[in-house]
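The structure under discussion appears below in the form of structure tokens.
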Amino acid sequence: MNLAMLKKLMRNLTAVFCFFLFCANGCKSPQSDINPQDDDQEVSSLFSGPIASGELDIPQLDEASGLANSRSNPTYLWSHNDSGGDPILYLMTLQGADSGRYHLSGAQNADWEDLAIGPGPTENVNYLYAADIGDNRAVRESLTIYRVPEPDVSVRFRQVGGNQVQIDLPADSTLTQVEAINFVYEDGARDAEALFVDPATKDIYIITKREPSVILYKLPFPQSTTDQNTAVRVMVLPYTFVVAADISPSGNEILIKNYANVYHWQKTGSESIQELLANEPNRLNYSQEPQGEAIAWAVDETRYFTISESDGNDPVVIYNYSRN
């Protein structure tokens, strides 16, 4: 048996082991989960990096599990904690400085796993989507995505004695225009940690985590905020342990991240999301973090950001990877 055959055999055995392990923990088996992820793909030179933007200076944000670049002021990033935390969106500078926290009125954080920013029901309004979609044992009867208009965090100035003086953002605020999008999967409970919102259609896409080949689901627009929604199964993707995803503001590029790799798709025409993700991706530069579960496009699409949960010892670093 040559080395290539041995490596393939070992990957297949690993996939089978993971399959039975996850099923033992309550994750229902999808059809066609037969393509384990191959991490031997050559790294593309499309993006360089990583470059450390700064260190996170928010002690309360110790389980960062979602990330989004603000549309009202791209010098800020949004993030939130993982399961069991308060329903708070944290605002930080690109260098990690604490810039305020925003409570989502009426929301709960059972297991927030990702954060997206994009369009919604009102035209020309950017919405933040906090995804309470974690379900390690696949036992939750219903999941929730909280949608709220992004507050204006643009830098404000006022005249003082003929000079412009910057007005500080409030340290603690409450967002009241919060809508809950409750949903179930059409084929049974799943654990998921990644979502994005298509700017072209306003459909919400969710990617599961634990299957040997994960599944892409869609919540078609308009999503109901009064009735239960059903996430429709779209396709199987040959990756596992997917923990984050993001779509570029133009809708032309998608990033999907697991613990070890970042994958990138770019449209060449007017492909649908399904058609785009059916293509072979680029594997991008990524320096593995202690528990990196968040990724976000920059508003100008020239780079992407990543951040990790804290390991309890080292500072949490915000990294960015710039387009070459």
Condition broken by residue 153, with the remaining ones in (1) at pLDDT 95 or above; (2) surrounded by fewer than 22 Cβ atoms within 10 Å (Cβ to Cβ); (3) under 17 Å from residue 299 (Cβ atoms) satisfied: (1)
When you go through (1) in contact (Cβ under 8 Å) with a residue 40 or more places away in the chain; (2) in contact with a His (Cβ under 8 Å, 6 or more places away or on another chain) one by one for residue 281, which number turns out not to apply? (1)
Every residue in the range 177-187 that is under 20 Å from residue 148 (Cβ atoms), touching a residue at least 60 places away in the same chain (Cβ under 8 Å) and in a loop (DSSP other than H, G, I, E, B), please. 178
In the range 92-110, which residue that is among the small types (Gly, Ala, Ser) and in a strand (DSSP E or B) is surrounded by the fewest Cβ atoms within 10 Å (Cβ to Cβ)? 100
Return yes or no: is residue 207 closer than 24 Å to residue 148 by Cβ and touching a helix residue (DSSP H, G or I) at 6+ places or on another chain (Cβ under 9 Å)? no
Could you list all residues from the range 243-273 that are closer than 17 Å to residue 198 by Cβ and surrounded by 21 or more Cβ atoms within 10 Å (Cβ to Cβ)? 244, 245, 246, 247, 254, 255, 256, 273
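Residue by residue, here is whether (1) polar (S, T, N, Q); (2) touching a helix residue (DSSP H, G or I) at 6+ places or on another chain (Cβ under 7 Å); (3) in contact (Cβ under 8 Å) with a residue 60 or more places away in the chain; (4) part of a loop (DSSP other than H, G, I, E, B) holds:
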| residue | (1), (2), (3), (4) |
| --- | --- |
| 49 | no, no, yes, yes |
| 59 | no, no, no, yes |
| 77 | no, no, yes, no |
| 80 | no, no, no, no |
| 90 | no, no, no, no |
| 121 | no, no, yes, yes |
| 138 | no, no, yes, yes |
| 146 | no, no, no, no |
Within the range 74-86, identify whether any single residue is acidic (Asp, Glu), under 20 Å from residue 258 (Cα atoms), at pLDDT below 95 and touching an Asp or Glu at 6+ places or on another chain (Cβ under 8 Å), and answer yes or no. yes
Would you check if residue 310 is of a type in the set (S, T, N, Q), part of a loop (DSSP other than H, G, I, E, B) and within 19 Å of residue 114 (Cβ to Cβ)? yes
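The values are calculated or read from the model by the stated rules, or taken from the named source; none is laboratory data. This one's a predicted model, so the numbers in the text were calculated from it and none came from an experiment. Here Cβ is always computed from backbone atoms with ideal geometry, including for glycine, and neighbour counts include all displayed protein chains.
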